[in-house]
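Working notes for the structure below.
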Amino acid sequence: MIPKPQPRQIRTIAFVTPRVVPNDQVKPDEHPPVQTDLDDAKISTQTHDGTPDDGTALAPPLLREMEG
């Protein structure tokens, strides 16, 4: 029996719709991320650490074994 492969954990950064409020009402954790942080991460509603996203899609494990 082939063991079930573990999914690759990709780095994600929370980027939600900004709210328009006066400057004194913006909490420090509500600032949007800088563009350089988004370059190697997927945009999500939650932030998770993981492998940087290089934009490539992986083939299913069974297909990769059959090709090689």
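Table for the structure above
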quantity	calculated
Selection count where residues are part of a loop (DSSP other than H, G, I, E, B) and surrounded by 10 or more Cβ atoms within 10 Å (Cβ to Cβ), scope the range 1-38	10
Residue pairs meeting the criteria (Cβ under 8 Å; at least 6 apart or on separate chains; first surrounded by 10 or more Cβ atoms within 10 Å (Cβ to Cβ), in the range 42-66; second part of a helix (DSSP H, G or I) and modelled with pLDDT under 65)	L58/R64; A59/E67
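The values are calculated or read from the model by the stated rules, or taken from the named source; none is laboratory data. Bear in mind the structure is a predicted one, so any value in this text is a computation, not a measurement. No Cβ is skipped: glycine too gets one built from the backbone with ideal geometry, and neighbour counts run over all protein chains shown.
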